[in-house]
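Here the structure comes first, spelled out in structure tokens, and everything after it is commentary.
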Amino acid sequence: MHREQTGAAAAAEAPVGPLAGFTVGVTAARRADELGALLRRRGAAVMHAPALRIVPLADDSELLAATKQLIDHAPHVVIATTAIGFRGWVEAADGWGLGDALLDRLREVRLLARGPKVRGAIRAAGLTEEWSPPSESMAEVLERLLEEGVEGRRIAIQLHGEPLPGFIESLRAGGAEVVGVPVYRWMPPEDIGPVDRLLDATVARALDAVTFTSAPAAASLLDRAERRGMREELLDALRHDVLPACVGPVTALPLEAHDIPTSQPERFRLGPLVQLLTAELPARVRPLPVAGRRLEIRGHAVVVDGELRSVPPAGMALLRALARRPGWVVARAELLRTLPGAGRDEHAVETAMARLRTALGSPKLIQTVVKRGYRLALDPAAETKYAADA
């Protein structure tokens, strides 16, 4: 018995994760498990809906033709952009019996790596890169090449499915011959159901954030919304209520083309992306001093004095309606309109309110005002203190 009580006390004292109570959508096809694990470790609920699938081109005639062309006619420069793409290229060449010839050719040319991961893939293949930009930015690669001069140079670039705005055009404008190496393609997911559910949840504001790790995934989600006739609803949700978090500026381009402001980490990695959400989502919550308690209304749950309390959807709808005007009385009729499918019976408000009070663990947080409605028991003096602390 004592052991059970000790365990319960420890659970009650366990700190609430920074993302507890929030729901985050994940659109990634690749490394989605890793991203989801990082989010869940911080307390978030995760909705995974891969907006695209990666199709390797081991049997693709374009990749085979580009590989043979580079082996037969050596380029001056080869730019490797992603680790998975570079490894896939070498593996595909091995499958065609061209692996050794490709590696021999790459040893003879200037090999540039976009970042540390692709640099590791290059070295794992027994090769050595000449240079890699500290910023991991293709813009810095382009700047270096143009400063050196590309007139008459033959430059091969391993394409990675994402747009390279102005990159190839700038090289060609500088007089270079550019050869694209298409290692894999992005295709729509075979099962579109998860994407549709994510779109519905975003429009319904059931998600607090949506993460994007590739520009094609962002473009694909917008395209699917367009096909379903809900693009404007999606844009409105992402502009005002649901945080779009992108791993970097290239990923954000399709969203920003529709005037959707995005959040991006300083380093274009999954870890910093999760850290960004860990900072930004809790910062969007205004703590309320209610009946001597500190109340935080998160996406699908409530934190009362540092303790996470699960609240059913109807209760969350009522609580949000009360929190829009904390301390003010909200009429039953107005609260009824916030309940999904409640009809006209105001008794539904009383039932949902009773369940909400039970979920919060403190009935005094919400006061009943006879014949008028309900109000949050706001403590104005404490509210001033919280505002100062914030």
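The values are calculated or read from the model by the stated rules, or taken from the named source; none is laboratory data. Being a predicted model, the structure only gives us computed values, none of them experimental. FYI the Cβ positions are ideal-geometry reconstructions off the backbone, even for glycines, and counts take in every protein chain you see. Ligands, DNA and RNA are stripped out before the accessible areas are found, and what is left, the full protein with its side chains, is counted by its heavy atoms. Shrake-Rupley method; radii C 1.70, N 1.55, O 1.52, S 1.80 Å.
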Subject >> Packing-based ranking, highest mean first, of 334-340, 297-303, 214-220 given that Cβ atoms within 10 Å are counted >> reply: 214-220, 297-303, 334-340
Original post:
Of the labelled options (i) 1.32; (ii) 1.17; (iii) 1.10, which one gives Rg/Rh (Cα atoms, Kirkwood Rh) as computed for this structure?
Top reply: (iii)
Original post:
Between Ala74 and Asp100, 0.36 nm times their residue separation minus their Cα-Cα distance comes to what?
Top reply: 7.9 nm
Original post:
Residues with beta-carbon under 13 Å from that of Val311, excluding Val311: net charge, scoring Lys, Arg +1 and Asp, Glu -1?
Top reply: +3
Subject >> Value of Rg to Rh for region 176-325 (Rh from inverse mean 1/r over Cα pairs, i.e. Kirkwood) >> reply: 1.05
**OP:** Rounded to the nearest Å, what's the spacing between the alpha carbon centres of region 152-222 and region 297-363? Just the number, please.
**Re:** 41
**OP:** Leaving ligands, DNA and RNA out of it, report the carbon-plus-sulfur percent of the accessible area of region 39-96 at a 1.4 Å probe.
**Re:** 50
**OP:** Give the Rg (one decimal place) followed by the Dmax (whole number) of region 115-244, computed from C-alpha coordinates and expressed in Å.
**Re:** 19.3, 54
Original post:
Where Rh is the Kirkwood radius over the Cα pairs of region 288-338, the temperature 4 °C and the viscosity 1.567 mPa s, what D in µm²/s does Stokes-Einstein return?
Top reply: 113
**OP:** Let me know the shape class of region 327-370, please: from the alpha-carbon gyration tensor, a ≥ b ≥ c as square roots of the eigenvalues, rounded when a/c is under 1.5, otherwise prolate if a/b is greater than b/c, or oblate.
**Re:** oblate
Original post:
Tell me, what % of the accessible area of region 184-301 is carbon and sulfur with a 1.4 angstrom probe?
Top reply: 47
**OP:** Keeping all protein chains in position, work out how much accessible area Thr128 exposes to a 1.4 Å probe, and write it in Å² to the nearest 10.
**Re:** 110
Original post:
Under 5 Å between amide H atoms, partner at least 5 residues away or on a different chain: which partners does Val210 have, H built in plane at 1.01 Å?
Top reply: Gly25, Leu243, Ala245
**OP:** Can you work out the accessible area per residue across region 134-277, with the rest of the protein chains kept in place, probe 1.4 Å, in square angstrom?
**Re:** 44
**OP:** Return the loop-located GluC sites (Glu not before Pro) in region 258-309 (DSSP other than H, G, I, E, B) with at most 14 other Cβ atoms within 10 Å of their own Cβ; answer none if there are none.
**Re:** Glu266
Subject >> Added length on full extension, which subtracts the Cα-Cα distance from 0.36 nm per residue, Asp191 to Thr351 >> reply: 53.7 nm
